[in-house]
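Novice: Pasting a structure below so you can have a look.
The values are calculated or read from the model by the stated rules, or taken from the named source; none is laboratory data. If you're wondering where the values come from, they're calculated on a predicted model, not measured in any experiment. All Cβ positions, even for glycine, are placed from backbone atoms using ideal geometry, and neighbour counts span all protein chains on display.
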Protein chains: 2
Amino acid sequence: MAARDYGQFGGLSRALELVGERWALLIVRDLLVGPRRYGELAAGLPRIPTNILATRLKELQAAGVLRRAPHSRVIVYELTPYGRELEPVVLALGAWGFHALGDPRDEQVITPDSMTMDLRTAFRPEIAAGLPPTGYGMRLGEAGLLIRVEGDAVAVTRGDGPADLSFTAGPGIHRLLAGELAPERALASGVVEVLSGPRDLLGRFAHTFHLAA
Amino acid sequence: MAARDYGQFGGLSRALELVGERWALLIVRDLLVGPRRYGELAAGLPRIPTNILATRLKELQAAGVLRRAPHSRVIVYELTPYGRELEPVVLALGAWGFHALGDPRDEQVITPDSMTMDLRTAFRPEIAAGLPPTGYGMRLGEAGLLIRVEGDAVAVTRGDGPADLSFTAGPGIHRLLAGELAPERALASGVVEVLSGPRDLLGRFAHTFHLAA
DNA sequence: CCGCATCCCATGTGATACTG
DNA sequence: CAGTATCACATGGGATGCGG
């Protein structure tokens, strides 16, 4: 459990000692979306062994990145203020990895929390500021995401509800965000299926959430 | 050698599959300073086992992060354009880890490349833009760094040479950059020893290179 | 000597089972 | 549900070997 040490005294090596272990930043990513219970974290990281999750949570707690907090009878894990300062790191790394995504493999899943952070990564406030407030409903297999864009801010929450445009998103949705797939082609190929609302609102969505190379 | 997979399809998990292995980002950090030979990388990462270094270099090459390039008879490793896009990530992670640095342990070393990136992390262009061009010479044990600040840009190179202010930096130099140690106290405590130039130029240095909390 | 490859052992990881 | 225990295995660490 002793944080494995790189033998160097510097900002990056210290950071990697704290959050550089396998799975650690993925846990942080999910907690950036909101506090989560142990079981919710395990569900959001389907392939993490439960003992590793337990170990990481203890390490990250010792590092001051997260804390266990009682929340109406149950215990949740939540980021400390210091842990929340990892948000720019997670967004920057996510943006970088986005461009190497390639094609999704069958075994790979898209969890609501990972999609939430990918949306935050791709969000362009300068663009959004010039658009009217819009609500999108994205269906992601079992889960639903509600995406509210208002001014230069975005809020992504879990659940279903009324939206200006509701659509299901397949794995290819990332190609839409990357600009590799035009909205019309996304609709034509079935990557996106509109459930309700005007189809051309998908263009506004793609314009608002776009990861420039 | 098969990149260990997180079973998720998202920007962050992809990034961690490419550069999330142990030592990988430290290699990238050193290559952000400039192309390096195998032996130079090994010297800059004193505790990396040589087989791990060889393995990482191959993995990072396969990931498109770096390439082997012949450079006047010898082979050097250099970042690809895609690899260079990791600079914001390295700077952000470095800034985050900086605030958890604590006190240096005896076994911990400060390498020229790690100090170079820490200086880039702490550099404040807005501040520098209002100051006259200045050259600093930082002595770091065996090695010397030449730091040129001009306009809103900084350039750090290895070596010795004339400078407006030359000084030796002990491990506590990071506390100066973090703003925990005032320049006068750094001089009084011997963390910094001026070799040449007016002592009060250290104030300008600390103002230019400062990591706000 | 530099640039790795090989070997061996300690440790971390992963899958599963199990307990309060 | 929220973890802990166990064990096989992969990876990391350190020393050493070796060809160009």
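Novice: Filtering segment B:24-38 down to residues that are within 16 Å of DNA strand D (Cβ to nearest atom) and more than 8 Å from every other protein chain (Cβ to nearest Cβ), which residue is surrounded by the most Cβ atoms within 10 Å (Cβ to Cβ)?
Specialist: Per the stated criteria, the residue is B:I27.
Novice: Also, I was wondering about something else. Please verify whether B:V89 is surrounded by 19 or more Cβ atoms within 10 Å (Cβ to Cβ), of a type in the set (A, V, I, L, M) and more than 18 Å from A:L18 (Cα to Cα), treating the condition exactly as stated.
Specialist: no
Novice: Here's a follow-up. Examine segment A:59-66 for a residue that is away from DNA strand C (no atom under 12 Å from the Cβ) and farther than 30 Å from B:T121 by Cβ, and state whether such a residue exists.
Specialist: Among the residues of segment A:59-66, not one is away from DNA strand C (no atom under 12 Å from the Cβ) and farther than 30 Å from B:T121 by Cβ, which makes the answer no.
Novice: What are the residue pairs meeting all of these: first residue in segment B:115-139, first residue touching a residue at least 24 places away in the same chain (Cβ under 8 Å), second residue among the charged types (D, E, K, R) and surrounded by fewer than 21 Cβ atoms within 10 Å (Cβ to Cβ), Cβ atoms under 6 Å, and 6 or more apart or on different chains?
Specialist: From segment B:115-139, the pairs are B:P125/B:D152; B:A128/B:D152; B:T134/B:D164; B:G135/B:R148; B:G135/B:D164.
Novice: Just for helices (runs of 4 or more DSSP H) wholly inside segment B:84-140: which have at least 2 residues that are within 10 Å of chain A (Cβ to nearest Cβ) and at pLDDT 95 or above?
Specialist: Because the criterion is at least 2 residues that are within 10 Å of chain A (Cβ to nearest Cβ) and at pLDDT 95 or above, the helices (runs of 4 or more DSSP H) in segment B:84-140 that meet it are B:87-98, B:112-122.
Novice: A further question follows. Does segment A:130-140 include one or more residues that are touching a strand residue (DSSP E or B) at 6+ places or on another chain (Cβ under 8 Å) and within 17 Å of A:G44 (Cα to Cα)?
Specialist: Yes: one or more hits.
Novice: Being buried (at least 19 other Cβ atoms within 10 Å of the Cβ) and within 10 Å of DNA strand D (Cβ to nearest atom) is true for just one of A:L41, A:L60. Which residue is that?
Specialist: Being buried (at least 19 other Cβ atoms within 10 Å of the Cβ) and within 10 Å of DNA strand D (Cβ to nearest atom) holds for just one of A:L41, A:L60, which is A:L41.
Novice: Moving on. Looking at segment A:10-25, which of its residues are without any contact (Cβ under 8 Å) to a residue 60 or more places away in the chain and either part of a loop (DSSP other than H, G, I, E, B) or within 13 Å of DNA strand C (Cβ to nearest atom) (or both)?
Specialist: A:G10, A:L16, A:E17, A:G20, A:E21, A:R22, A:W23, A:A24
Novice: Please specify each residue of segment B:26-39 satisfying the condition of being part of a helix (DSSP H, G or I), within 8 Å of DNA strand C (Cβ to nearest atom) and either in contact with a Phe, Trp or Tyr (Cβ under 9 Å, 6 or more places away or on another chain) or modelled with pLDDT under 95 (or both).
Specialist: B:Y38
Novice: Under 8 Å between Cβ atoms, which residue pairs at least 6 apart in sequence (or on different chains) link something in segment A:160-183 that is within 12 Å of chain B (Cβ to nearest Cβ) with a partner that is in a strand (DSSP E or B) and not aliphatic (A, V, I, L, M)?
Specialist: A:A169/A:R139; A:L177/A:F209
Novice: Return yes or no: is B:L79 within 30 Å of A:T111 (Cβ to Cβ), out of contact with any Asp or Glu (no Cβ under 6 Å at 6 or more places or on another chain) and buried (at least 17 other Cβ atoms within 10 Å of the Cβ)?
Specialist: no
Novice: Also, quick follow-up: Taking segment B:72-93 as the region of interest, how many residues are in contact (Cβ under 8 Å) with a residue 40 or more places away in the chain and either within 16 Å of DNA strand C (Cβ to nearest atom) or not hydrophobic (A, V, I, L, M, F, W, C) (or both)?
Specialist: Summing the residues that are in contact (Cβ under 8 Å) with a residue 40 or more places away in the chain and either within 16 Å of DNA strand C (Cβ to nearest atom) or not hydrophobic (A, V, I, L, M, F, W, C) (or both) in segment B:72-93 gives 7.
Novice: For segment A:40-53, name all the residues that are near DNA strand C (Cβ under 6 Å from one of its atoms), within 14 Å of another protein chain (Cβ to nearest Cβ) and assigned to a helix (DSSP H, G or I).
Specialist: Hit for segment A:40-53 is A:I52, nothing else.
Novice: Can you name the condition, by its number, that B:R67 falls short on among (1) within 26 Å of B:V156 (Cβ to Cβ); (2) within 11 Å of chain A (Cβ to nearest Cβ); (3) out of contact with any Gly (no Cβ under 7 Å at 6 or more places or on another chain); (4) surrounded by fewer than 20 Cβ atoms within 10 Å (Cβ to Cβ)?
Specialist: The number of the failed condition is (2).
Novice: How many residues are farther than 22 Å from A:R158 by Cα, touching a residue at least 40 places away in the same chain (Cβ under 8 Å) and of a type outside the set (D, E) when one looks only at segment A:40-61?
Specialist: 3
Novice: I need the full set of residues from segment B:108-131 which are farther than 21 Å from B:D152 by Cα and hydroxyl-bearing (S, T, Y), in order please.
Specialist: B:T111, B:S114
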